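Undergrad: Let me begin by handing over the structure; questions about it come next.
The values are calculated or read from the model by the stated rules, or taken from the named source; none is laboratory data. Being a predicted model, the structure only gives us computed values, none of them experimental. Every residue, glycine as well, gets a Cβ built from its backbone with ideal geometry; the counts of neighbours run over all protein chains shown. Only protein heavy atoms, including side chains, enter the accessible area calculation; ligands, DNA and RNA are left aside. Shrake-Rupley method; radii C 1.70, N 1.55, O 1.52, S 1.80 Å.
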Amino acid sequence: MSISQAFANALTGLSANSRMAEVVSSNLANAMTDGYARRTVELSSQDLGGHGAGVRVDGITRQINRAVLSDRRNAGAAMSGVDAMTDMLRRIEDLIGGSGGNAGLAADVARLEEAFVAAGADPASPIRLEAIVDRLSDLATALNRAGDSVQTFRQEVDAQISSQIETLNTSLEQVAKLNGDITRAIYSGLDPSALIDQRQIVIDRVAELVPLREMDRQGGQVALVGLGGIVLLDGKPNPFEFAPSPTIEAGMSFDSGALSGIMRRGEPIDTVGGLRKFAGGAIEASLRLRDEILPQTQEGLDRFARDLLERFADPSRDPTLTPGAPGLFTDAGATFDPLDEMGLASRISVNSLLMPSLGGDPALVRDGLGSAGTGPVGNAAQIDRWLQALEARLAAAPGLPSEDTAGRVADLQGRMSAARINMEDRLAFESARWETLREKELTYGVDSDQEMQTLMQIEQAYSANARVIQTLDSMIRTLMEI
């Protein structure tokens with residue numbers, strides 16, 4: 001081997017060592033950077049005419065486990081969706097009270113029962129009769145607030161879906177742009193690793209909304225396909241569409257056409273508004289809350305409100321009532337129509353005949369709502385009948401168990417609490433799964449100790465190559481002195 005060839009070999013070694021030192025320094029600098037994948041320099045020996053020609057830098061490789069990354073993303077999507085549903089179920093439970101029965105609707109029913117008992121012991125007391133009306137108002141107000149809040153929650157979720165779709169479209173556009181940048185970098189002989197890091201961060205954001213698979217395409221590009229089968233991105237972005245509703249009322253639903261589903265090019269992506277195609281992520285959770293969980297909550301509140309109306313409108317509970325006349329509660333001041341139950345919780349109100357502010361008389365609780373005049377002030381028979389109506393075991397609908405009012409509200413609150421507990425259990429599982437996969441993913445990240453050991457090896461190799469050049473320089477000087 002000639003001295004010039006030896007010089008060339010040593011110089012390639014110095015160049016490779018310099019490149020490796022640059023990559024190690026980048027790894028150490030980004031050890032805590034989210035989305036950064038550890039880099040390694042790929043080397044191979046060069047051969048020229050059957051003789052060694054030093055070392056060649058083949059490229060920079062991002063060290064990442066694609067399978068673990070995919071699993072971690074999908075676990076994050078599941079965790080994001082379950083977390084959103086858990087938060088909403090907690091809000092619902094706070095609204096109507098927990099299963100303990102010491103707050104919310106259960107407490108209002110208990111206070112109403114206590115007011116009936118107290119008035120029954122002293123039916124001549126105007127204060128105790130007014131207390132019954134106040135407790136009736138408290139219960140009606142609590143139901144109104146719960147029913148209205150459910151629709152407010154649905155409107156919040158509807159607006160959130162719009163925001164999520166906007167984020168999804170923006171993120172997919174960014175992935176498409178990064179795809180192009182990566183392809184240009186590769187074809188220009190540049191290192192695309194930093195661009196791939198940026199793309200991974202954006203894809204992670206997409207995966208929180210929709211669980212997906214990442215598929216390789218030519219030129220370092222990727223396509224994104226949702227686990228529900230929808231193509232999110234393959235080449236140019238094809239944006240999704242969603243029209244939020246300015247107001248949402250009871251009875252408005254996707255099935256009725258009153259609420260928007262997710263669309264593409266003006267066509268619905270599936271027959272259930274997006275639940276199938278976006279299954280598993282935050283968008284599906286929002287759709288499920290708007291179209292299933294919150295309407296079911298509304299249905300339970302309306303059923304309870306109907307139970308109250310019908311209990312106290314039964315002529316057998318108040319002989320002074322004419323057939324069809326409302327009892328202690330009304331449907332927004334009118335007689336309840338059994339075919340118009342939806343949204344009843346927001347409309348239920350105390351009969352104006354009892355409300356002093358509307359010219360009513362609380363004494364009618366004792367005398368009967370249809371009484372023509374004041375009855376015996378010491379007669380508690382009618383108050384006892386109201387109390388019996390409250391405690392009677394009735395079926396809310398055919399096929400449902402018979403319950404008293406306290407049991408009915410306890411059942412409603414118990415189902416809400418059970419749903420919340422089940423969702424919290426799912427959240428704990430999904431969180432633990434995500435954390436385990438995240439820890440596994442990080443094992444492929446930057447290990448500072450390992451990088452420092454590599455740096456020491458680079459230093460030794462650099463010194464050795466420099467020593468070769470120094471020796472060759474000395475040899476040439478010797479030859480020049482001859």
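Undergrad: Just checking: which of the strands (runs of 3 or more DSSP E) contained wholly in the range 183-266 hold 3 or more residues that are open to solvent by less than 30 Å² (accessible area, probe 1.4 Å)?
TA: Fully inside the range 183-266 and qualifying: 222-226.
Undergrad: A further question follows. Which one is nearest to Pro126 (Cα to Cα), of the residues in the range 315-365 that are charged (D, E, K, R) and either open to solvent by less than 20 Å² (accessible area, probe 1.4 Å) or touching a Ser or Thr at 6+ places or on another chain (Cβ under 7 Å) (or both)?
TA: Asp318
Undergrad: Against the definition (more than 25 Å from Pro401 (Cβ to Cβ), touching a residue at least 40 places away in the same chain (Cβ under 8 Å) and open to solvent by 40 Å² or more (accessible area, probe 1.4 Å)), how does Thr271 come out, yes or no? If you could, list the steps in order and put the result at the bottom.
TA: Values: more than 25 Å from Pro401 (Cβ to Cβ): yes; touching a residue at least 40 places away in the same chain (Cβ under 8 Å): no; open to solvent by 40 Å² or more (accessible area, probe 1.4 Å): yes.
No.
Undergrad: Still on this structure, I have one more. Condition check: under 19 Å from Leu353 (Cα atoms) and not in a loop (DSSP other than H, G, I, E, B). Does Leu301 satisfy that?
TA: no
Undergrad: Yes or no: the range 189-196 includes at least one residue that is polar (S, T, N, Q), over 26 Å from Trp434 (Cβ atoms) and touching a residue at least 24 places away in the same chain (Cβ under 8 Å). Before the answer, list the steps.
TA: Residues of the range 189-196 polar (S, T, N, Q): 193.
Those left that are additionally over 26 Å from Trp434 (Cβ atoms): none.
Taking every residue of the range 189-196 in turn, none turns out to be polar (S, T, N, Q), over 26 Å from Trp434 (Cβ atoms) and touching a residue at least 24 places away in the same chain (Cβ under 8 Å).
Undergrad: Now for a different question. May I ask you to list the residues in the range 14-45 that are outside any helix (DSSP H, G or I), closer than 18 Å to Gln460 by Cα and of a type in the set (Lys, Arg)?
TA: none
Undergrad: I'd like the residue in the range 30-55 that is under 14 Å from Asp447 (Cβ atoms) and small (Gly, Ala, Ser) and, out of all such residues, is most open to solvent (accessible area, probe 1.4 Å). Before you say what the answer is, go through the steps one by one.
TA: The first filter runs over the range 30-55 and keeps only residues under 14 Å from Asp447 (Cβ atoms), leaving 30-32, 36-40.
Now narrow it down to the ones that are small (Gly, Ala, Ser): 31, 37.
Working: Ala31: 37, Ala37: 6 Å².
For the range 30-55, the residue satisfying everything is Ala31.
Undergrad: Condition test on Ser171, is it open to solvent by less than 40 Å² (accessible area, probe 1.4 Å), among the polar types (S, T, N, Q) and at pLDDT 95 or above?
TA: Judged against the criteria, Ser171 is a match.
Undergrad: Does Asp425 satisfy the criteria of being free of Cβ contacts under 8 Å to residues at least 12 places away in the same chain, surrounded by 13 or more Cβ atoms within 10 Å (Cβ to Cβ) and in a helix (DSSP H, G or I)?
TA: no
Undergrad: Then there is this: Take Gln151 and decide whether it is within 30 Å of Gly414 (Cα to Cα), in contact (Cβ under 8 Å) with a residue 60 or more places away in the chain, assigned to a helix (DSSP H, G or I) and open to solvent by 60 Å² or more (accessible area, probe 1.4 Å).
TA: no
Undergrad: Please find, within the range 396-412, the residue that is nearest to Thr86 (Cα to Cα) out of those that are open to solvent by less than 30 Å² (accessible area, probe 1.4 Å) and in contact with a helix residue (DSSP H, G or I) (Cβ under 6 Å, 6 or more places away or on another chain).
TA: Among those residues, the one meeting the criterion is Leu412.
Undergrad: Please go through the range 440-454 and give me each residue that is open to solvent by less than 60 Å² (accessible area, probe 1.4 Å) and not small (Gly, Ala, Ser), ordered by number.
TA: Correct list: Glu441, Val446, Glu451, Thr454.
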